[in-house]
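Heads up: the structure comes next, in structure tokens.
We did not get these values from a lab; they are worked out from the coordinates using the rules stated. Quick caveat: nothing in here was measured; it's all calculated off a predicted structure. Every residue, glycine as well, gets a Cβ built from its backbone with ideal geometry; the counts of neighbours run over all protein chains shown.
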Ligand SMILES: [Zn+2]
């Protein structure tokens, strides 16, 4: 799930934005603490493994034969959002955002008319859902190490009822589809779509670490154990 950032997260993002927007011309030396900071790891796979009894973490993903994943995306109920067509298009783009990240066709998606046929049914919520613009619910068969998605629920609204702008709606759906693909935890880094929090500055763009993490997940067999995992909920 993706939550509205607490003030600390917002401050960190603001700081990162300020660093990114530093005036150019010459390349200033980074402050010592930045220079001394170790580089980010190439992926966050150890944070997105699924915890199974007892104290074991495993990778869960769809088999390649399941592609394209079938997605049912109904129109929003009348009166729910200001521009239902634009909102539905933002959700559609959010679903498609992970396409071909691992390899051509992996993953891939096709939209179906029958929700009963869908691997990923999308459901609109008529009410705000606490901190969540959207959320993904699993139906995981722990013993058979089988990933399954119950549904992705979308309210399209911030806590308090304000409608989320379309870029944040698309980013939230991109995040939830990451969960639906088997990234069952969160990235520790604010620059990644799979970071736990969303802010008004968040854009629906996968980072290189998002891409590498999905590639790492789908380069390993379903059910593979991950040693040293620390899933971020
Ligand atoms: Zn999440």
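May I ask you to derive the relative contact order of the stretch 42-218, considering only C-alpha pairs under 8 Å and at least 6 residues apart, and to give it as an integer percent?
Reported as a whole number, the value is 28 percent.
Using alpha carbon centroids, what distance separates the stretch 179-213 and the stretch 44-79, in Å?
That distance is 14 Å.
Restricting to the stretch 42-218, compute how many DSSP beta bridges are antiparallel as a %, nearest 5.
Working: 12 of 21 bridges.
Bridges in the stretch 42-218 are about 55 percent antiparallel.
Work out how much length residue 52 to residue 225 would gain on full extension: take 0.36 nm times their residue separation and subtract the Cα-Cα distance, in nm to one decimal.
Net length gain for the segment: 61.3 nm.
For a quick check: sort 72, 179, 200 by the number of other beta carbons within 10 angstrom, fewest at the front.
Result, fewest neighbours first: 200, 72, 179.
Rule-of-thumb check for the stretch 42-218: C-alpha Rg over 2.2 N^0.38 Å?
Compactness ratio reported: 0.99.
Order by neighbour count: 54, 232, fewest other Cβ atoms within 10 Å first, most last.
Taking fewest neighbouring Cβ atoms as first place, the list is 54, 232.
Taking other Cβ within 10 Å of each residue's Cβ, how do 125, 150 sort, fewest first?
150, 125
Find the percent of Cα-Cα distances in the stretch 64-146 that exceed 19 Å, and round it to a whole number.
48
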